[in-house]
Amino acid sequence: MQLVVPPKQCQPLKIIALGDSLVYGFGDPEKGGWVEQLRRWWMLPDSSGHVLYNLGVRGDRTQQVAQRLEVEFRHRGELRNRLPDMIILSVGVNDSARLTRPQGRNHTDFALFESEITALLEQAQQLCPVLFVGMVPVDEAKMPFLDCFYYNHSDQYRYKEATKLACSQRQIPYLDIFDQWMAQDEFWRLQRLSADGLHPNTLGYQTLLENVINWEPLAAYNATFNS
């Protein structure tokens, strides 16, 4: 299923964003993260009026998002016999973490992750058009997170590449935040991460929002913001 968006929407859309703390906006006490800011913008009087539900849960892995996907989807149509028009997914970083030590096992075994991300995408695609926003690179020097989770760029890259491939095979647009941010220098990246080394800070989420609203598959929804 390809996401085909007409340049002008006659009717505001109902959109759900599902995933982990990157969707939830943890680390941004000022603006609430990129999803919250996008939600507020879409409520402005001269905006599109799209409705965006933030369904991010801290710590969620792919399996947990898949478990709640359809129930969340079925309860966000607002009006009787209506369902959401689009799903934005963002998950995978928690799957990639190593447990208890830098060389420990991954929180989700890589082969299992490949099958779970495939199942999640296919499940979502059966419901409506899907977009996928990728993960942010961590600060490896700040690990472990919560004294037991070791995130690293090598595993992040491997898991995001598997996700990107699975999206490509299903014609699901994938926004590669990891590569975009890694293309910047280390100082630039560290400016955008919270003290925990895992979550973006307010500046980081602002940058992420700009990445998202200037992304071609979503740009048609954001003409008001870019004008």
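Details
- With contributions of -39500 (n - 2.57) from each DSSP H run of at least four residues, the per-residue ellipticity at 222 nm computed over the chain stands at -11500 deg cm²/dmol.
- Cα long-axis angle, helix 202-213 against the chain (0 to 90 degrees, to the nearest 10): 50 degrees
- Between helix 110-125 and the chain there is an angle of about 10 degrees, using the helix long axis and the longest principal axis of the Cα atoms.
- Exposure rank, largest accessible area first [SER47, SER154; 1.4 Å]: SER154, SER47
- Take the Cβ atoms of GLU30 and LEU99, set R0 to 35 Å, and the FRET efficiency comes out at 0.65.
- Cleavage-rule hits, chymotrypsin sites (Phe, Trp or Tyr not before Pro), region 140-175, DSSP coil, Cβ neighbours within 10 Å at most 11: none
- Heavy atoms of CYS128 accessible to a 1.4 Å probe, total area in Å² rounded to 10: 10 Å²
- Rounded Å value of the spacing that divides the Cα centres of region 15-63 and region 173-225: 14 Å
- If you look at the Cα atoms of region 118-227, you get an Rg and a Dmax of 15.3, 45 Å.
- Cβ charges +1 (Lys, Arg) and -1 (Asp, Glu), total dipole of region 10-167, debye: 260 debye
- Within the accessible area of the chain (1.4 Å probe), percent carbon and sulfur: 51 percent
- Helix 153-169 and the longest principal axis of the C-alpha atoms of the chain enclose an angle of approximately 30°.
- HN-Hα J in Hz across region 65-70 - Karplus 6.51, -1.76, 1.60, θ = phi - 60°, x for Gly and Pro: 5, 5, 5, 9, 4, 5
The values are calculated or read from the model by the stated rules, or taken from the named source; none is laboratory data. In this text the structure is predicted, and so the values were computed from the model without any measurement. In this analysis, Cβ positions are derived from the backbone assuming ideal geometry, glycine residues included, and neighbour counts consider all displayed protein chains. Ligands, DNA and RNA are excluded from the accessible area calculation, which covers all protein heavy atoms including side chains. Shrake-Rupley method; radii C 1.70, N 1.55, O 1.52, S 1.80 Å.
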